Structure formats: structure tokens, C-alpha cells
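First the structure, in the form of C-alpha cells, and then the observations on it.
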Amino acid sequence: MSEVKVDTISERTAANGVAVDGVTIKDSGLTIPSGGTLTVASGATITNSGTATGFGGTNTPAFTAYSNTDQTVTTATWTKASLQAEIIDTDSAFDSTTNYRFTVPSGEGGNYAFWGSICGYDSTGTDETSVKIYENGSEITGSVAHSNAPGDYQLASTSIVVALSAGDYIELYGYASGGGTVKFQNFGTILSGYKLVS
């Protein structure tokens, strides 16, 4: 085995850098070739005093959709929430005009976190407001709130982390019972979700 000891190695051709077994060292940085691996030995420390790019990930797709008008519903009947407005929809994956659902885009399968709520109201005193999150048409989580005071608002909320594949869809359903006109109030009726960084 031979050993070369020098104080400085300079590139011969400007802007081309110096190549060492496929690894290029230039004034602007160190380039690992495609398919290569930069290995940091156990016990070593990486200290960053500059800008780190391309590491980690983002919690997208992400969306928050809500009802912008009161939705009159049939008492004691599970009904899909009409979420016609959006605060954020990074991948245009939430349908706020027809099906009121989030659909996992192509290539974006993974673990997702969702949170949803239904705000129920009945002028004669709502007995119960419930909420459920559905995956592909089936319930995956839910909760219930009770009150008997006339004109009282009830907020039922639920959350879940679930593994999804491209094409899977998520919807928000609610249930409110009472003797008068039963509504999902525009405030408090909301569905939000985002992909977890793996």
C-alpha cells in the first residue's frame, strides 16, 4: 500500500475539480456520484454552520377543508359533511365541490394524520352530535357529544393516524339528533390532514 502526503491538491483544469475514485472535490463542495453513499462512522459528528437542503421531508400532501355555510341535515341520520371551502390544499387532493373528500395522490402513499369535527345545532335542544372519519366508505374512528339545552351548540371531534395507499379516500360524516331543524354549523365543521414524514 502506498501513501501520499501533501499539503495542497489543486485542480488542473478550472471548474472541473479533483476526482478521487469517482468523488469530485471542487471549490463549491463535495459531489458523491449517483448511487454512491456518504458514510459517517459511529461516534462522528456532523456540524452544520450553513444551509442544509434536501434533508428530511415535508408533511405534504396537507389540507384543511371546512363548511362555509350551515348544512341542514335529517335528524338522527349519518350525513357526509359538505366541506366547500379550503384553507390549504398543497396537492389539490381535496374535492370541495362534488364528493367532499381527500384522495391520496399517485406516489403519495404512507402514514397520514387526520383530525375532524362536527358542530351540531337544533333549536329545540340537540340530544346528540357525533362525528366519524371514513376511509374508503367505512368508519375508522369517531366520537360523540351530548347536550339537551335548547339552542345549544355541540362539538364532537376525533383524530387518527392511518396508513393509506394512492387512491384511498377520506371523508367526514356527522350525526345530530333533535326535534327541530338540525344543522351542522359552518363554524366547527372541519376536516384536516397531512402525510407524516417517514
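The values are calculated or read from the model by the stated rules, or taken from the named source; none is laboratory data. Remember, it's a predicted structure, so these values are computed and weren't measured experimentally. In this analysis, Cβ positions are derived from the backbone assuming ideal geometry, glycine residues included, and neighbour counts consider all displayed protein chains.
Observations, loosely collected:
- Filter result for residue 172 (of a type outside the set (Asp, Glu), over 15 Å from residue 79 (Cα atoms) and more than 13 Å from the chain's Cα centre (by Cα)): no
- Residues located in segment 162-191, provided they are crowded, with 22+ Cβ neighbours inside 10 Å and among the hydroxyl-bearing types (Ser, Thr, Tyr): 175, 189
- Looking across 129, 90, one residue alone is touching a strand residue (DSSP E or B) at 6+ places or on another chain (Cβ under 7 Å) and under 16 Å from residue 164 (Cβ atoms). It is 90.
- Every listed requirement among (1) surrounded by fewer than 19 Cβ atoms within 10 Å (Cβ to Cβ); (2) at pLDDT 95 or above; (3) under 21 Å from residue 74 (Cα atoms) is met by residue 106 save one, (3).
- Residues of segment 120-153 satisfying the condition of being among the aliphatic types (A, V, I, L, M), surrounded by 15 or more Cβ atoms within 10 Å (Cβ to Cβ) and either under 20 Å from residue 180 (Cβ atoms) or at pLDDT below 90 (or both): 145
- Candidates 69, 98, filtered to the one that is surrounded by 10 or more Cβ atoms within 10 Å (Cβ to Cβ), at pLDDT 80 or above and part of a loop (DSSP other than H, G, I, E, B): 69
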